[in-house]
1. Being loosely packed, with under 14 Cβ neighbours inside 10 Å and over 19 Å from the mean Cα position of the chain (by Cα) is the requirement here; does K243 meet it?
2. Scan the range 146-184 for residues that are under 22 Å from G204 (Cβ atoms) and of a type in the set (D, E, K, R) and report the count.
3. Among the residues in the range 110-117, are any among the hydrophobic types (A, V, I, L, M, F, W, C) and more than 15 Å from L178 (Cβ to Cβ)?
4. Please state which one of S231, S187 is within 16 Å of the ligand (Cβ to nearest atom), modelled with pLDDT of 95 or more and under 26 Å from E56 (Cα atoms).
5. Going by the conditions given, is E214 at positive phi and surrounded by fewer than 18 Cβ atoms within 10 Å (Cβ to Cβ)?
6. Taking the range 191-206 as the search range and keeping residues that are within 15 Å of T100 (Cα to Cα) and either aliphatic (A, V, I, L, M) or in a helix (DSSP H, G or I) (or both), which one is nearest to the ligand (Cβ to nearest atom)?
7. Give the residue, chosen from K168, K117, K123, that is more than 12 Å from the ligand (Cβ to nearest atom), basic (K, R), under 23 Å from A77 (Cβ atoms) and at pLDDT 95 or above.
8. Check whether at least one residue in the range 101-123 is out of contact with any helix residue (DSSP H, G or I) (no Cβ under 6 Å at 6 or more places or on another chain), surrounded by 15 or more Cβ atoms within 10 Å (Cβ to Cβ), under 22 Å from I186 (Cα atoms) and charged (D, E, K, R), and report yes or no.
Amino acid sequence: MKVGVFDSGIGGLSVVRSLLEHELFEEIIYFGDTARVPYGIKDKTTIIRYAIEAVEFFKKFDIDLIIVACNSVSAHALDEMREHSSSPVIGVVESGILATANALKSKASNILVLGTKATINSKAYEIGLREKEFKNIESKATGLFVPLVEEEVYEGDLLDATLKHYFKDLNKPDAIILGCTHFPLISKAIKNYFGSETILIHSGDAIVEYLECEFKFPKRYKKAKLRFFSSENTDALKNTAKKWLLI
Ligand code: DGL
């Protein structure tokens, strides 16, 4: 199995990490559109245009599957990517909704969805969760977390102030969907803020759960071949990959 993983930038490496931990793929080809990140503040038509270009990029690699690690793209451009791709395209929104439904016993649970402006404005998570009969859903665009993570601010006063800024008026959720590639890197701080009973849904783990359910993986690959591509400064992407993926 050869998979293409697409993200707006470096954030999708958090999804690659989950794929590696579960040893699902023989080869992972990562493409981050680092020249045009962030997508989360762009409008739907622009996100769709960039996403179709990513499908074209993967065509030369003869891949079996495209995983869209970016929530903003998964929320807005999955149908269009599928129209242009000969291999299956799966996104993190659908798998995040399924993982949330599997993790929560009660349909009355309080769910908090976090994401970029693009993801939250799409209401993709909210619509999917309501289809699964969840009623108490709150959504919050928390875009400031993205540059903080890019600056490797995973703890400390600056992050604490940002958490307070976004969360001070919210009720304590039973589950939080980390609906952005960057947010798993500050999951510890988010968990500290709300308390350890709150369940965090991580896009990478959710996609693994989804893949193991939808596809057969007769073989595991202890050491996947990794290839990194980006639209700008691939060395910086590779350096982040070394840190995040411990490779
Ligand atoms: N990868 C994006 C997402 O998951 C976050 C960064 C961006 O805004 O492009 O929505």
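1. no
2. Qualifying residue count for the region: 5.
3. No, there is no match, as no residue in the range 110-117 is among the hydrophobic types (A, V, I, L, M, F, W, C) and more than 15 Å from L178 (Cβ to Cβ).
4. Details: S187 fails: under 26 Å from E56 (Cα atoms).
Every option except S231 fails the conditions.
5. Spelling it out, it is not the case that E214 is at positive phi and surrounded by fewer than 18 Cβ atoms within 10 Å (Cβ to Cβ).
6. Keep residues of the range 191-206 that are within 15 Å of T100 (Cα to Cα), which gives 197-206.
Imposing the further condition that a residue be either aliphatic (A, V, I, L, M) or in a helix (DSSP H, G or I) (or both) reduces the set to 199-201, 203-206.
On the way: I199: 19, L200: 15, I201: 13, S203: 7, G204: 11, D205: 15, A206: 13 Å.
Among those residues, the one meeting the criterion is S203.
7. Values: K168 fails: under 23 Å from A77 (Cβ atoms); K117 fails: more than 12 Å from the ligand (Cβ to nearest atom).
After applying the criteria, what remains is K123.
8. There is at least one residue in the range 101-123 that is out of contact with any helix residue (DSSP H, G or I) (no Cβ under 6 Å at 6 or more places or on another chain), surrounded by 15 or more Cβ atoms within 10 Å (Cβ to Cβ), under 22 Å from I186 (Cα atoms) and charged (D, E, K, R).
The values are calculated or read from the model by the stated rules, or taken from the named source; none is laboratory data. Remember, predicted model here, so these are calculated numbers, not experimental data. All Cβ positions, even for glycine, are placed from backbone atoms using ideal geometry, and neighbour counts span all protein chains on display.
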